[in-house]
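The structure under discussion appears below in the form of structure tokens.
The values are calculated or read from the model by the stated rules, or taken from the named source; none is laboratory data. Every value quoted in this text rests on a predicted model; they were computed, and no experiment measured them. Virtual Cβ from ideal backbone geometry, glycine too; neighbours counted across all protein chains shown.
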């Protein structure tokens, strides 16, 4: 998606300028001291809150049999936001694992697909029990609380986790030599 890519690039440049980091498009950047988690997740909390609102609106528009255009527009917005999230965090995975980007992307896709399969498996039974409006309210709040917790953890401890993983890898490699 064109807009997400532009925003991701702008966030990266903004984070680099904020700490005086020189961006090197030719040979690439050394991200060991760069807060890439901050750059890639910048603004995602606002998008997540918007996504929660869209999901709530979608569920209640279905429950109250709103005009067909309402849920279609909300589906479009939800797809737009989901694509934005996927692109932002797929870029972060590639940045966090620069030596194995295809493995990182594949692991992210498998995780996303597995969670989607679980969601589809429980979707209809929960809708039958809760009703459409309340199910999407529950789903919106669950994804919102989980998403905001993950976003907060990533921004607070992500760089430390990445550094610890890098140090452990260097230690393991030095023992093998």
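Kindly indicate which of 81, 77 is surrounded by 19 or more Cβ atoms within 10 Å (Cβ to Cβ), touching a helix residue (DSSP H, G or I) at 6+ places or on another chain (Cβ under 6 Å), assigned to a helix (DSSP H, G or I) and free of Cβ contacts under 8 Å to residues at least 60 places away in the same chain. Walk me through how you get there before you give the answer.
On the way: 77 fails: surrounded by 19 or more Cβ atoms within 10 Å (Cβ to Cβ).
Step by step, each of 81, 77 is checked, and only 81 is surrounded by 19 or more Cβ atoms within 10 Å (Cβ to Cβ), touching a helix residue (DSSP H, G or I) at 6+ places or on another chain (Cβ under 6 Å), assigned to a helix (DSSP H, G or I) and free of Cβ contacts under 8 Å to residues at least 60 places away in the same chain.
Okay, residues lined up against (1) within 16 Å of residue 155 (Cα to Cα); (2) modelled with pLDDT under 85:
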| site | (1), (2) |
| --- | --- |
| 1 | no, yes |
| 4 | no, no |
| 9 | no, no |
| 15 | yes, no |
| 21 | no, yes |
| 25 | no, yes |
| 45 | yes, no |
| 53 | no, no |
| 59 | no, no |
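Only one of 104, 114 is closer than 22 Å to residue 86 by Cα, modelled with pLDDT of 95 or more and in a helix (DSSP H, G or I); which? Even if it seems obvious, please write down each step before you answer.
Values: 104 fails: modelled with pLDDT of 95 or more.
Step by step, each of 104, 114 is checked, and only 114 is closer than 22 Å to residue 86 by Cα, modelled with pLDDT of 95 or more and in a helix (DSSP H, G or I).
Taking residue 124 and the conditions (1) free of Cβ contacts under 8 Å to residues at least 12 places away in the same chain; (2) closer than 25 Å to residue 10 by Cβ, which numbered condition does it fall short on, given that it satisfies the others?
Exception for residue 124: condition (2).
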